[in-house]
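**Student:** Have a look at this one.
Values quoted throughout were computed directly from the atomic coordinates according to the rules given, and no laboratory measurement underlies them. What you are looking at is a predicted structure, and each value in this text was computed from that prediction instead of being measured. A quick note on method: Cβ atoms are made from the backbone with ideal geometry, for glycine too, and the neighbour counts reach across all protein chains shown.
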Amino acid sequence: METEQKRERIIRFRVNDDEYNAIAKAAEESGFDSMSDYIRTIAIDRCIFSIDKDELAKLRRLISAISNNINQIAIRVNSTGKIYSDDIAELKEGVRKTWQQQACILSLLHRQEP
């Protein structure tokens with residue numbers, strides 16, 4: 001079992017109140033145990049990127065639309081026992097758009113990598 005090295009070095013830097021609050025909020029939202037862990041990970045792994053919330057919102061809307069279509073088709077199939085080729089085509093198109101949107105988001109993330 002690998003043991004973690006003791007951390008004896010201290011790095012200090014100054015920030016203003018707004019910067020501190022922004023860092024503290026980001027650290028809290030990140031799920032790291034401490035602000036030190038958060039900052040250390042960002043500094044070492046160079047894991048700094050921003051997510052385009054508009055792109056995520058588009059993806060969420062697409063997934064929601066597909067879910068609604070599936071529910072409507074399931075209700076129709078349960079009541080009539082029939083499924084239509086147009087229903088399948090509509091689902092396929094929705095899934096295609098979702099994959100396209102996901103690829104766009106991944107592309108944005110990859111551009112942010114060092």
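**Student:** List, in the order given, every pair from LYS25/LYS97; LYS53/LYS97; LYS53/LYS92 whose Cα-Cα distance in the structure shown is over 28 Å. Present the calculation step by step, with values, prior to reporting the outcome.
**Tutor:** Numbers: LYS25/LYS97 34 Å; LYS53/LYS97 17 Å; LYS53/LYS92 25 Å.
Beyond 28 Å: LYS25/LYS97.
**Student:** Rounded to the nearest 0.05, what FRET efficiency do ASN16 and ARG40 give with R0 = 22 Å and r taken as the Cβ-Cβ distance? Could you check? Intermediate results must be reported in sequence, preceding the final value.
**Tutor:** Values: r = 21 Å, r/R0 = 0.97.
After rounding to 0.05, the efficiency reads 0.55.
**Student:** Can you give the relative contact order of region 53-112 as a percent, counting alpha carbon pairs under 8 Å and 6+ residues apart? Don't skip to the end; give the middle numbers.
**Tutor:** On the way: 24 pairs, mean separation 30.3, N = 60.
Dividing the mean separation by the residue count of region 53-112 yields 50 percent.
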